[in-house]
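Undergrad: Take this structure, written in structure tokens, and hold onto it; I'll ask about it next.
The values are calculated or read from the model by the stated rules, or taken from the named source; none is laboratory data. Predicted model only: the values in this text are computed from it and were never measured. Quick reminder, even Gly has a Cβ in these numbers, built from the backbone with ideal geometry, and neighbours come from all protein chains shown. For the accessible areas, the whole protein counts, side chains as well, though only heavy atoms, and no ligand, DNA or RNA atoms are used. Shrake-Rupley method; radii C 1.70, N 1.55, O 1.52, S 1.80 Å.
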Amino acid sequence: MDTDAAWNLRRGVLSVLFLLVVALPLYPELYGLDEVTPFTQLVSFRPQLLVLVLVLGLAMLLRWNWRIAAGLVILLALTGGALVAPRQFSEPTPPPAGTRALTVMVANVLGGGADPGEVAKLINTHRPDIVSLPEAQVDVRQEIESHLSGLRYYGYTQQANAEVESATSVLVSADLGNVHFDSEKLDTGSVSSQQPGTTSKPGAGDPGAVTIGPVQQTTTQFGHIIITGGNLGKLRLIAYHGYPPLPKDVTIWKQDLQVVKHWCAAGSPTVVAGDFNATVDHADFRSALGRGCKSVGPSVGEGFQGTWPANRPVLFRTQIDHVVISDDILPGKFQTYEVEGSDHRAVITTIAVPK
């Protein structure tokens, strides 16, 4: 083999190998590494990484010897861009006859760090039918309620363990009738509601429970609340807070998403609203939604409206707060709003549900 042919072959092989390395943080699921740190965390920002890869490929064109690799990298970025483009260019479907509109709000209050008045201001302005409040203990929920201007809401809090982050609260408009609050709980005889190294707090019915709410380990690591009955008919509303994919706790994160998968596969009209700590770029999140559910934001062209971290510029946020709906529910508007004191932006959506 002559020298030029050998060099061209080597350059082609090295270019392909370089492409595989660049593709790893973008699509770790193709390598079976999407549940391995740091790829689980990095893939949350896939759109931003695609932009960086495109810039890298364009810069590589300046070197003649790198042009094969540059072409492959640019192709990778453009293909990835085409795959995420529907999140920006999808349009909501006008609600057909025989449906009713519901407004759903999500606001992670950062364990009470968010300004209750700011959260209440959004409620007063938009008058949502349901407000999912991850990380809100009873006292935080009640403080928000005290700022509401003549609006009637039923409130409930479920705390999975002694950690503040495990508390999830919900406010449901009285217009939805006398709804029922519940959650899927684990056997307290085999599962402790107290995590190692934490201070014991009262459980449901114990003195002090009015402050933190019922404490019982749910099937999700953090508390969730299932709302049924009243004027909801067959509809089921769920306030949810998923465990974050921390480097040592990716398995717990995955287990929580398996519960979401169970809800989405149930076959009944379902709305799951909250902080999922997952994006549509996570294979586990997409698997949880399956064919039975979808996230409202990406479905109506608002998939790039990042909700976390709220203190970063728009281009450096990602959407981990979702309103997930079953396929028999139509998505409508999706918008995010700043909440002073929280590291999440609030989400307010409209959906059309069967009457």
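Undergrad: Could you check region 216-234 and list, in sequence order, the residues that are small (Gly, Ala, Ser) and buried (at least 24 other Cβ atoms within 10 Å of the Cβ)? Can you show your working first?
TA: Step one: list which residues in region 216-234 are small (Gly, Ala, Ser), which gives 223, 229-230, 233.
Correct list: GLY223 only.
Undergrad: While we're looking at this one, here's another question. Just one of (1) more than 19 Å from ASP327 (Cβ to Cβ); (2) modelled with pLDDT under 95; (3) outside any helix (DSSP H, G or I) trips up ILE227, so point out which.
TA: (2)
Undergrad: Further question on the same structure: Return yes when LEU56 is touching a residue at least 12 places away in the same chain (Cβ under 8 Å), more than 25 Å from ILE320 (Cβ to Cβ), out of contact with any His (no Cβ under 7 Å at 6 or more places or on another chain) and not acidic (Asp, Glu) and no when it is not. Explain how you work it out, then say what you get.
TA: Numbers: touching a residue at least 12 places away in the same chain (Cβ under 8 Å): yes; more than 25 Å from ILE320 (Cβ to Cβ): yes; out of contact with any His (no Cβ under 7 Å at 6 or more places or on another chain): yes; not acidic (Asp, Glu): yes.
Against the criterion (touching a residue at least 12 places away in the same chain (Cβ under 8 Å), more than 25 Å from ILE320 (Cβ to Cβ), out of contact with any His (no Cβ under 7 Å at 6 or more places or on another chain) and not acidic (Asp, Glu)), LEU56 qualifies.
Undergrad: Name the residue, out of GLY111, GLY117, GLY155, that is touching a helix residue (DSSP H, G or I) at 6+ places or on another chain (Cβ under 9 Å), within 16 Å of LEU237 (Cβ to Cβ) and surrounded by fewer than 21 Cβ atoms within 10 Å (Cβ to Cβ). Working first, answer last.
TA: Working: GLY111 fails: within 16 Å of LEU237 (Cβ to Cβ); GLY117 fails: within 16 Å of LEU237 (Cβ to Cβ).
Answer to the check: GLY155.
Undergrad: All but one of (1) open to solvent by less than 50 Å² (accessible area, probe 1.4 Å); (2) over 19 Å from ILE74 (Cα atoms); (3) without any contact (Cβ under 8 Å) to a residue 24 or more places away in the chain; (4) not polar (S, T, N, Q) hold for ASP34, so report the exception by its number.
TA: Only one criterion is unmet by ASP34, namely (3).
Undergrad: Which condition from (1) out of contact with any helix residue (DSSP H, G or I) (no Cβ under 6 Å at 6 or more places or on another chain); (2) more than 22 Å from GLY230 (Cβ to Cβ); (3) modelled with pLDDT of 95 or more is the one that HIS147 breaks?
TA: Going through (1) out of contact with any helix residue (DSSP H, G or I) (no Cβ under 6 Å at 6 or more places or on another chain); (2) more than 22 Å from GLY230 (Cβ to Cβ); (3) modelled with pLDDT of 95 or more one by one, HIS147 breaks only (1).
Undergrad: Can we say ILE226 is in contact (Cβ under 8 Å) with a residue 12 or more places away in the chain, over 25 Å from ASP343 (Cβ atoms) and of a type in the set (A, V, I, L, M)?
TA: On the way: in contact (Cβ under 8 Å) with a residue 12 or more places away in the chain: yes; over 25 Å from ASP343 (Cβ atoms): yes; of a type in the set (A, V, I, L, M): yes.
Answer is yes for this residue.
Undergrad: Filter region 309-331 down to the residues that are among the hydrophobic types (A, V, I, L, M, F, W, C) and in contact (Cβ under 8 Å) with a residue 40 or more places away in the chain, then identify the one that is most open to solvent (accessible area, probe 1.4 Å).
TA: LEU315
Undergrad: With (1) more than 14 Å from the chain's Cα centre (by Cα); (2) at pLDDT 95 or above as the list, and PRO354 as the residue in question, which single condition is left unmet?
TA: (2)
Undergrad: From the residues in region 332-354 that are touching a helix residue (DSSP H, G or I) at 6+ places or on another chain (Cβ under 6 Å) and of a type in the set (Asp, Glu), which one is most open to solvent (accessible area, probe 1.4 Å)?
TA: GLU340
Undergrad: Could you count how many residues in region 70-126 are touching a His at 6+ places or on another chain (Cβ under 9 Å) and of a type in the set (Gly, Ala, Ser)?
TA: Residues that pass the stated criteria total 4.
Undergrad: Give the residues of region 9-30 that are surrounded by 12 or more Cβ atoms within 10 Å (Cβ to Cβ) and farther than 30 Å from GLN41 by Cα, sorted by residue number.
TA: ARG11, GLY12
Undergrad: If you don't mind, there's one more thing I want to ask. So which of VAL140, VAL170, VAL104, VAL131 ends up being of a type in the set (A, V, I, L, M), under 23 Å from the mean Cα position of the chain (by Cα), assigned to a helix (DSSP H, G or I) and surrounded by 19 or more Cβ atoms within 10 Å (Cβ to Cβ)? Spell out the reasoning first.
TA: Numbers: VAL170 fails: assigned to a helix (DSSP H, G or I); VAL104 fails: assigned to a helix (DSSP H, G or I); VAL131 fails: assigned to a helix (DSSP H, G or I).
Every option except VAL140 fails the conditions.
Undergrad: Here is a follow-up. May I ask you to say which residue of PHE285, PHE304 is among the aromatic types (Phe, Trp, Tyr) and assigned to a loop (DSSP other than H, G, I, E, B)?
TA: Numbers: PHE285 fails: assigned to a loop (DSSP other than H, G, I, E, B).
Answer to the check: PHE304.
Quick grid of which residues meet (1) surrounded by fewer than 23 Cβ atoms within 10 Å (Cβ to Cβ); (2) closer than 24 Å to THR318 by Cα; (3) touching a residue at least 12 places away in the same chain (Cβ under 8 Å):
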| residue | (1), (2), (3) |
| --- | --- |
| ARG236 | yes, no, yes |
| HIS241 | no, yes, yes |
| PRO247 | yes, yes, yes |
| ILE252 | yes, yes, yes |
| HIS262 | yes, no, no |
| ALA265 | yes, no, yes |
| THR279 | no, yes, yes |
| HIS282 | no, yes, yes |
| ARG291 | yes, yes, yes |
